[in-house]
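Here the structure comes first, spelled out in structure tokens, and everything after it is commentary.
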Amino acid sequence: MSSSINKKTIEKKLKKHYEKLSKSHLSDFFNDDKNRGKGFSVELSNLFIDFSKNHITKETLTLLSEYAETLDIKSSIDAMFSGKKINTTEERAALHPALRSKSEKIKGAEDGKIREKIENELQKIKNFTSLVHDKKITGWTNKPIDTFVNIGIGGSDLGPKMVVNALNQYRKNKTHSFFISNIDFEQIELLKRKINPETTLFIISSKSFTTIETITNANTIKSWLIESGCDDADRHFAIVTANREAAKEFGVKNENIFQIWDWVGGRFSLWSAVGLSISLAIGFDNFKKMLSGAYEMDEHFLKQPLEKNIPITLALIDFWYICFHNRKTHAIIPYDESLRYLPSYLSQLFMESNGKSTDLYGEKINYDTGAIIWGEVGTNSQHSIGQLLHQGKHVVPIDFLAPLSKKGNQKHHELLLANCFAQSRTLMLGDNNENSHLQFDGNKPSTTILYNELNPKTLGSLLAMYEHRVFAQGLLLEINSFDQYGIELGKKMALEISENLQQKEININIDSSTKNLMAIYKKSKKNSKN
Ligand code: F6P
């Protein structure tokens with residue numbers, strides 16, 4: 001960490017405070033303060049967040065805020081919103097909040113024309129969505145389009161997939177959405193059984209338009225269309241990219257190319273034209289509501305002081321667990337089937353952003369950075385991972401999420417909520433049974449996030465809250481949350497191995513384990529041919 005006397009002093013205070021606090025059980029905090037539940041809760045934009053079941057006191061939050069002040073994280077947040085190149089390694093801005101901003105003042109990229117460019121692109125998404133929903137866009141046999149297949153990976157897949165599934169009840173007309181990401185051909189095989197190519201629009205979503213999985217899948221789909229008798233493949237594709245030239249080369253109508261910009265990181269891109277799959281599924285009006293929910297959270301994050309700032313408070317608690325409690329993982333458990341893809345979306349958001357070992361100043365880091373993010377929907381989680389969470393030796397801080405209301409069967413809903421509340425309570429409290437196998441130590445921390453109903457606006461606020469929490473966590477850990485060099489080495493090696501798998505001999509200087517694995521494959525390929 002960078003040297004600052006002030007920072008070192010507060011670090012020492014935090015360490016001392018940690019030692020004192022680690023002697024307390026979470027239940028002690030509740031016994032000492034009967035109003036702790038309310039005192040450690042906040043509400044904003046239809047979100048109600050209870051962080052009382054965490055290993056913190058008011059003093060912890062004060063000390064952590066003082067620590068954040070020594071790093072001047074508020075200035076970094078201002079820098080993000082004003083379009084400074086805070087992604088220093090790639091020399092780019094991280095201006096995803098601009099995509100949902102209502103402020104006329106937003107600038108900082110695109111030669112001051114950023115507002116205009118974003119509005120133009122939104123208008124394009126709106127028009128295209130209307131044309132599809134009004135059945136004015138048809139396939140090669142002139143049948144209207146009723147099926148959307150997003151072809152992308154990472155940020156060009158996980159965000160839209162999670163949102164489309166979360167808001168499925170808002171789906172317009174009788175349409176269907178699918179997501180293809182994996183290079184494993186099985187995914188396409190299964191898709192082919194479910195869709196009619198004549199009425200399907202494929203949305204190729206790739207900022208770079210060089211991602212091998214996406215481009216290979218897109219070409220395979222194009223060949224399948226042609227094999228199926230399609231004589232006008234262009235009308236079955238829309239492309240979302242920052243690489244217009246490559247998109248044109250693939251073959252698509254000019255008006256079906258949608259733009260994203262270099263200042264939008266992949267994992268923060270669902271608010272851009274990468275959200276085309278969202279707009280097609282739930283309608284542009286609902287997509288806009290999502291943007292406005294996110295904008296509300298942006299304003300809160302930008303303007304509220306540290307002690308009242310929700311994403312910052314959650315990031316301070318994360319930092320407390322990572323750097324002082326030595327907690328290596330963090331679980332996301334939504335008691336909401338609609339949010340079943342939230343854990344994998346958040347895994348990318350947190351881990352690609354904060355899984356770093358070099359700090360902002362280019363120095364190797366000797367402390368822990370972003371935790372491993374994982375999870376499962378409740379109540380399924382209780383019957384699979386629950387054992388370890390309750391009685392295992394790892395302490396895993398958890399985010400529980402649940403809707404206060406849901407259309408449908410009230411009995412189911414109340415049981416769902418009861419289970420959610422029971423989990424956080426028993427994890428916190430434990431049970432001192434005489435039988436050691438039935439003993440629960442408790443003292444396991446969690447945060448509970450409730451919302452009135454999962455609608456587009458609330459989801460927008462919730463996702464923006466997580467985005468800002470990730471950024472604030474990165475600032476506290478003194479890392480750049482916006483690059484992802486960690487994925488490059490494996491990609492490069494996969495290409496070299498792939499070339500060698502196609503050749504007769506293995507002409508690559510490689511370790512004996514990988515060489516052996518390649519040889520086993522080659523042998524099995526040869527055997528299957530015979
Ligand atoms: O997984 C690495 C990554 O670069 C992500 O950051 C990104 O979301 C994904 O690949 C897809 O990239 P692209 O949109 O350029 O195809």
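The values are calculated or read from the model by the stated rules, or taken from the named source; none is laboratory data. None of these values were measured; they are calculated from a predicted model. Glycine gets a Cβ as well: all are built from the backbone with ideal geometry, and neighbour counts include every protein chain shown. When the accessible area is computed, the model is the full protein with side chains, heavy atoms only, and any ligands, DNA or RNA have been set aside. Shrake-Rupley method; radii C 1.70, N 1.55, O 1.52, S 1.80 Å.
Give the residue that is most open to solvent (accessible area, probe 1.4 Å), with candidates limited to residues of the range 34-53 that are part of a helix (DSSP H, G or I) and within 30 Å of ALA294 (Cβ to Cβ).
Kept after step one, since they are part of a helix (DSSP H, G or I), are these residues of the range 34-53: 36-39.
Next, from what is left, pick out any that are within 30 Å of ALA294 (Cβ to Cβ): 37-39.
On the way: GLY37: 28, LYS38: 174, GLY39: 39 Å².
Looking at residues that are part of a helix (DSSP H, G or I) and within 30 Å of ALA294 (Cβ to Cβ), I get LYS38.
Select, from LYS308, LYS328, the only residue that is basic (Lys, Arg) and closer than 25 Å to SER76 by Cα. Spell out how you get there, then give the answer.
Values: LYS328 fails: closer than 25 Å to SER76 by Cα.
When all the criteria are applied, what remains is LYS308.
Could you give every pair whose Cβ atoms fall below 7 Å, whose first residue belongs to the range 202-215 and is open to solvent by 40 Å² or more (accessible area, probe 1.4 Å), and whose second residue is near the ligand (Cβ under 6 Å from one of its atoms), counting only separations of at least 6 or pairs across chains?
That search, which allows pairs on different chains as well, returns LYS207/SER156; LYS207/GLY266; GLU213/ILE153.
Hey, LEU489 hits all of (1) free of Cβ contacts under 8 Å to residues at least 12 places away in the same chain; (2) among the aliphatic types (A, V, I, L, M); (3) away from the ligand (no atom under 16 Å from the Cβ) but one; which does it fall short on?
(3)
Evaluate the range 65-72: report whether one residue or more is at positive phi and at pLDDT 95 or above. Give the derivation first.
First, the residues of the range 65-72 that are at positive phi: 72.
Filter once more, so that each one left must be at pLDDT 95 or above: 72.
Yes, because at least one residue in the range 65-72 is at positive phi and at pLDDT 95 or above.
Looking only at the range 481-492, count how many residues are in contact with a Ser or Thr (Cβ under 6 Å, 6 or more places away or on another chain) and surrounded by fewer than 21 Cβ atoms within 10 Å (Cβ to Cβ).
Looking only at that region, the number is 1.
Among the residues of the range 70-85, is there at least one that is more than 16 Å from the ligand (Cβ to nearest atom), closer than 19 Å to VAL274 by Cα, surrounded by 19 or more Cβ atoms within 10 Å (Cβ to Cβ) and not polar (S, T, N, Q)? Break it down into steps so the answer makes sense when it comes.
Step one: of the range 70-85, the residues more than 16 Å from the ligand (Cβ to nearest atom) are 70-85.
Next cut, closer than 19 Å to VAL274 by Cα only: none.
Within the range 70-85 (the criterion being more than 16 Å from the ligand (Cβ to nearest atom), closer than 19 Å to VAL274 by Cα, surrounded by 19 or more Cβ atoms within 10 Å (Cβ to Cβ) and not polar (S, T, N, Q)), the answer is no, since none of the residues qualifies.
Does VAL149 fit the bill of being assigned to a helix (DSSP H, G or I), within 16 Å of the ligand (Cβ to nearest atom) and crowded, with 22+ Cβ neighbours inside 10 Å? Walk me through it before giving the result.
Values: assigned to a helix (DSSP H, G or I): no; within 16 Å of the ligand (Cβ to nearest atom): yes; crowded, with 22+ Cβ neighbours inside 10 Å: yes.
Answer is no for this residue.
Being away from the ligand (no atom under 15 Å from the Cβ), hydrophobic (A, V, I, L, M, F, W, C) and either assigned to a loop (DSSP other than H, G, I, E, B) or closer than 30 Å to ASP336 by Cβ (or both), is that true of even one residue in the range 205-220?
Taking the range 205-220 and keeping what is away from the ligand (no atom under 15 Å from the Cβ), we get 220.
Adding the requirement that they be hydrophobic (A, V, I, L, M, F, W, C) leaves none.
Looking through the range 205-220, none of the residues is away from the ligand (no atom under 15 Å from the Cβ), hydrophobic (A, V, I, L, M, F, W, C) and either assigned to a loop (DSSP other than H, G, I, E, B) or closer than 30 Å to ASP336 by Cβ (or both).
Of all residues in the range 312-345, count the ones that are crowded, with 17+ Cβ neighbours inside 10 Å and either closer than 27 Å to VAL163 by Cβ or within 16 Å of the ligand (Cβ to nearest atom) (or both).
Count: 20.
Could you list, in sequence order, all residues of the range 120-146 that are out of contact with any Leu (no Cβ under 7 Å at 6 or more places or on another chain), not in a helix (DSSP H, G or I) and not charged (D, E, K, R)?
THR138, GLY139, TRP140, THR141, ASN142, PRO144
Take residues that are more than 18 Å from ALA166 (Cα to Cα) and open to solvent by less than 40 Å² (accessible area, probe 1.4 Å) and tell me which of the strands (runs of 3 or more DSSP E) falling wholly in the range 346-460 contain 3 or more.
Working: elements: 372-375, 398-403, 446-451.
Of the strands (runs of 3 or more DSSP E) lying wholly inside the range 346-460, those with at least 3 residues that are more than 18 Å from ALA166 (Cα to Cα) and open to solvent by less than 40 Å² (accessible area, probe 1.4 Å) span 446-451.
Scanning for something touching a residue at least 60 places away in the same chain (Cβ under 8 Å), part of a loop (DSSP other than H, G, I, E, B) and either among the aliphatic types (A, V, I, L, M) or touching a strand residue (DSSP E or B) at 6+ places or on another chain (Cβ under 6 Å) (or both), does the range 24-33 turn up at least one residue?
The answer is no; no qualifying residue exists.
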